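Single-structure report; data block below.
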Amino acid sequence: MGKWLFVFVCMLAISIGIQFVTIFVIPPIGAIPEGRTVIVTRLRTMHFIDSADAWCERQMGGVNLLCRGLVMAQVAKEATVLVRLPYLEELYLISTNGNTYHR
């Protein structure tokens, strides 16, 4: 019985956590050549796994340096960084549905 209770509590915690955090992926670019993955508090237009490129594609119909910079600035200003991790390309590709954009 204790094992199932533990599994239930873990699943409940994950379900609640998904509603309030975003895994935000910053690909290697000039300012951050090694890239970065951060877990941040979710902003209202963000998905669970997201990136500036994915956001620009969804909201603006394309990716450019200005949009990418504005999204990253908004995340830095409005979201709270909970955890910093190294760049994970797999998460970036999930956020962009497998698309890559010129850096």
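Here's the yes/no breakdown for (1) free of Cβ contacts under 8 Å to residues at least 60 places away in the same chain; (2) outside any strand (DSSP E or B); (3) surrounded by 11 or more Cβ atoms within 10 Å (Cβ to Cβ); (4) not β-branched (Val, Ile, Thr):
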{"site": "28", "(1), (2), (3), (4)": "no, yes, yes, yes"}
{"site": "45", "(1), (2), (3), (4)": "yes, yes, yes, no"}
{"site": "56", "(1), (2), (3), (4)": "yes, yes, yes, yes"}
{"site": "62", "(1), (2), (3), (4)": "yes, yes, no, yes"}
{"site": "70", "(1), (2), (3), (4)": "yes, yes, yes, yes"}
{"site": "77", "(1), (2), (3), (4)": "yes, yes, no, yes"}
{"site": "91", "(1), (2), (3), (4)": "no, yes, yes, yes"}
{"site": "98", "(1), (2), (3), (4)": "yes, yes, no, yes"}
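Would a scan of region 7-24 turn up a residue that is in contact with a helix residue (DSSP H, G or I) (Cβ under 8 Å, 6 or more places away or on another chain), surrounded by 13 or more Cβ atoms within 10 Å (Cβ to Cβ) and assigned to a loop (DSSP other than H, G, I, E, B)?
In the first step, residues of region 7-24 are kept if they are in contact with a helix residue (DSSP H, G or I) (Cβ under 8 Å, 6 or more places away or on another chain); the result is 23-24.
So of that shortlist, the ones also surrounded by 13 or more Cβ atoms within 10 Å (Cβ to Cβ) come out as 23-24.
Applying the additional criterion that residues be assigned to a loop (DSSP other than H, G, I, E, B) yields none.
No; the residues of region 7-24 include none that is in contact with a helix residue (DSSP H, G or I) (Cβ under 8 Å, 6 or more places away or on another chain), surrounded by 13 or more Cβ atoms within 10 Å (Cβ to Cβ) and assigned to a loop (DSSP other than H, G, I, E, B).
Sort out which residues of region 33-43 are surrounded by fewer than 14 Cβ atoms within 10 Å (Cβ to Cβ) and within 15 Å of residue 70 (Cα to Cα), and write them in order of number.
Here is the first cut: in region 33-43, the ones surrounded by fewer than 14 Cβ atoms within 10 Å (Cβ to Cβ) are 33-34.
Within region 33-43, none qualify.
Looking only at region 79-89, which residues are under 16 Å from residue 35 (Cβ atoms) and either assigned to a strand (DSSP E or B) or in contact with a Pro (Cβ under 7 Å, 6 or more places away or on another chain) (or both)? Give the derivation first.
Initially, region 79-89 is screened for residues under 16 Å from residue 35 (Cβ atoms), giving 81, 83-89.
The answer is 81, 83, 84, 85, 87.
Read the figures in this text as sums done on the coordinates, not as results from a lab. Fair warning: this is a prediction, and the values are worked out from it, not measured in the lab. Don't worry about glycine lacking a Cβ; one is built from the backbone with ideal geometry, like all the others, and counts go over all protein chains shown.
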